[in-house]
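The values are calculated or read from the model by the stated rules, or taken from the named source; none is laboratory data. The model shown is predicted, which means the values in this text are computed figures rather than measured ones. Positions of Cβ are backbone-derived with ideal geometry, glycine not excepted, and every protein chain shown enters the neighbour counts. Accessible surface is based on the protein model in full, side chains and every heavy atom, while ligands, DNA and RNA are left aside. Shrake-Rupley method; radii C 1.70, N 1.55, O 1.52, S 1.80 Å.
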Amino acid sequence: MSQTLAAVKGMNDLLPGEIEIWQHVEGLARELFGRFGYGEIRTPMVEDTALFVRSVGEETDIVGKEMYTFDDKGGRSLSLRPEGTAPAARAYIEHSILNQEPLTRWFYTGPMFRYERMKTGRYRQFYQVGAEAYGSKEPAQDVEVMDMVAQFLQALGLQDIALNLNSLGDEACRPAYHAKLVEYLKAHIEELCGDCHRRMETNPLRVLDCKNPKCQEVAGKGPNVLEFLCEPCKAHFDDVQRKLTALEIKYVVNPRMVRGLDYYTRTVFEFIASHPALGTASTVGGGGRYDKLVKSLGGPDVPAVGFACGLDRLVLLLKEGTRKFGASPDLFIAVADPGSQDTAFTLASKLRREGLRVDFDTRGGSLKSQMKRSDKSGARFTLVLGEQERTSGEAKLKRMADGSLIPVSLSGLAAAVREHSATEVAQRGNAT
Ligand code: AMP
């Protein structure tokens, strides 16, 4: 007996019924990010493993525990991309973009892969939409990307999402903070997990995003990174806050937030939802400045800032609402007798060519079952085609909202459907 195969754990099928929400979110991102001047890029789903080790960092959970890494047939170590910033930076360097323009704005969308412990809102294949801006070290650039996320979430109609903000300093001031953090962690070594004993030596910031509750408690009482900022970093952080306020974007400063990737300098931020549908997977997006990443990957010394939002989580939030997504058919064509099937088939094709969304049952069947299907499809109008309609060229369009019948000629059907759809929309508009 053959065994039934299922999708890989943590990887989901997206089917009609739900995909319309995804299309809406992605379409909105494309339109909105385009308004900000961001152009779309598409990078491969697989990269050299070294790219992520060198950028995201060896001690991060992402690289240390969660990557899908394999050797290809040529013996190269490759990984499914766990995030989009490093591949974008690799492409930026590889195509010498800085030689072509001093300020570059890119966005991307697509699947990412992390071998994570699964729960609602946390999957092993998940989707992100993200953006990167290269070439500006100015606080205005940090705020531009945060503004873009804020406008995106607002346009999706999502509320109760808090912007958390922090600064991690730079190479001038972070060493002093590191030293203080290590001193503090050493004093609490007994309370930390085995992984954190190692992290304390190799990369102490990573102790702050350990998922172990005891480690979190210790980290929460540690030194405050903001007290260690040098003057330029402090001025940058102050200006970021001033500009957020000028744009009326609310935020809270959260000095414990470090984000789980190594490449950040100065500004980091997260958008955190409070809706119960997400449980503890409540961060819908995050990002920050990464002024040293491009250079560390062998590229020019170019500052950058970016973010990524988790589409799975945004879709979960939208599913909680009452809003309907996706377009229903404009017209359902039902046939009254088998002799009309071919005419209806040809008519459906012609109307689709003319731009209408038309549903039609290629199997024919009883009129009753076709009317049931029409109801279920949410079609705005139904047309029943039988011998009489075929010979006279005249038919009746049934408006599904109220059952009223509108006389139409078959030759002018597309125009009639459009005209009556428009009056219906206008009437609905007047009624609200
Ligand atoms: P990160 O790249 O870790 O900063 O993640 C950016 C955003 O991607 C998060 O705020 C989440 O919304 C989303 N995300 C990260 N990991 C997952 C996952 N395993 N499943 C679903 N969404 C995720």
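Once R0 is set to 41 Å, what does the formula 1/(1 + (r/R0)^6) return for the Cβ-Cβ distance between Lys119 and Glu394, expressed as a FRET efficiency to the nearest 0.05?
Details: r = 59 Å, r/R0 = 1.44.
Efficiency at R0 = 41 Å is approximately 0.10.
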**Charge context of Gly355, other residues only, Cβ under 10 angstrom, K/R +1, D/E -1** = +2
**Asked** When the helix-only estimate is applied to the chain (DSSP H runs of n ≥ 4, each -39,500 (n - 2.57), divided by the residue count), what is the mean residue ellipticity at 222 nm, nearest 500 deg cm²/dmol?
**Response** -11500 deg cm²/dmol
**Complete:** With segment 133-219 reduced to its Cα atoms and the Debye formula applied, log10 I(q)/I(0) at q = 0.16 1/Å amounts to -0.81
**Complete:** Note to self: C-alpha centroids of segment 304-347 and segment 185-260 sit apart, in Å, by 44 Å
**Message:** Please state the shape class of segment 324-376: rounded when a/c is under 1.5, otherwise prolate if a/b exceeds b/c and oblate if not, all from the C-alpha gyration tensor.
**Reply:** oblate
**Folded to 0 to 90 degrees: helix 139-155 orientation relative to the chain principal axis, Cα** = 30 degrees
**Asked** Which whole-number percentage describes the relative contact order of the chain, with Cα contacts under 8 Å and a sequence gap of 6 or more?
**Response** 15 percent
**Item:** Dipole of the chain, positive end: most advanced residue of Leu316, Ser411, Ser374 [Cβ charges, Cα centre]
**Value:** Ser374
**Descending principal axes extents, the chain, alpha-carbon based, whole Å** = 90, 62, 45
**Item:** Percent carbon-and-sulfur accessible area, the chain, ignoring ligands, DNA and RNA, probe 1.4 Å
**Value:** 52 percent
**Prompt:** Going by the alpha-carbon gyration tensor, a ≥ b ≥ c the square roots of its eigenvalues, is segment 224-264 rounded (a/c under 1.5) or, if a/c is not under 1.5, prolate (a/b greater than b/c) versus oblate?
**Reply:** oblate
**Request:** Taking the chain as the reference, fit the longest principal axis to its C-alpha atoms, fit the long axis of helix 311-320 to the helix C-alpha atoms, and give the angle between the two in degrees, 0 to 90, nearest 10.
**Result:** 50 degrees
**Message:** What does the charge count around Pro223 come to, taking other residues whose C-beta lies under 13 Å from its C-beta (Lys +1, Arg +1, Asp -1, Glu -1)?
**Reply:** +3
**Complete:** The percentage of Cα-Cα pairs in segment 215-333 separated by more than 26 Å is 40 percent
**Message:** Students often get this wrong, so check it: of Lys65/Lys186; Lys137/Lys324; Lys73/Lys292, which have C-alpha atoms separated by over 30 Å?
**Reply:** Lys137/Lys324; Lys73/Lys292
**Prompt:** With a sphere of radius 15 Å drawn around the Cβ of Arg323, what net charge do the other residues whose Cβ falls strictly inside it have (Lys, Arg +1; Asp, Glu -1)?
**Reply:** -1
**Prompt:** Expressed as a whole number of Å, what is the distance separating the alpha-carbon centroids of segment 378-393 and segment 9-80?
**Reply:** 48 Å
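Got a sec? What order do Arg352, Arg81 fall in by accessible area at 1.4 Å, biggest, i.e. largest, first?
Numbers: Arg352 105, Arg81 15 Å².
Largest accessible area first, the residues go Arg352, Arg81.
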**Complete:** One would report the Cα pair-distance distribution of segment 331-426, bin width 5 Å, in %, as 3, 14, 27, 28, 20, 6, 1, 0
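Going by the alpha-carbon gyration tensor, a ≥ b ≥ c the square roots of its eigenvalues, is segment 290-357 rounded (a/c under 1.5) or, if a/c is not under 1.5, prolate (a/b greater than b/c) versus oblate? Don't skip to the answer; put the middle values down first.
On the way: a/c = 6.10, a/b = 2.70, b/c = 2.26.
Judged from the Cα gyration tensor, segment 290-357 comes out prolate (a/c at least 1.5, a/b above b/c).
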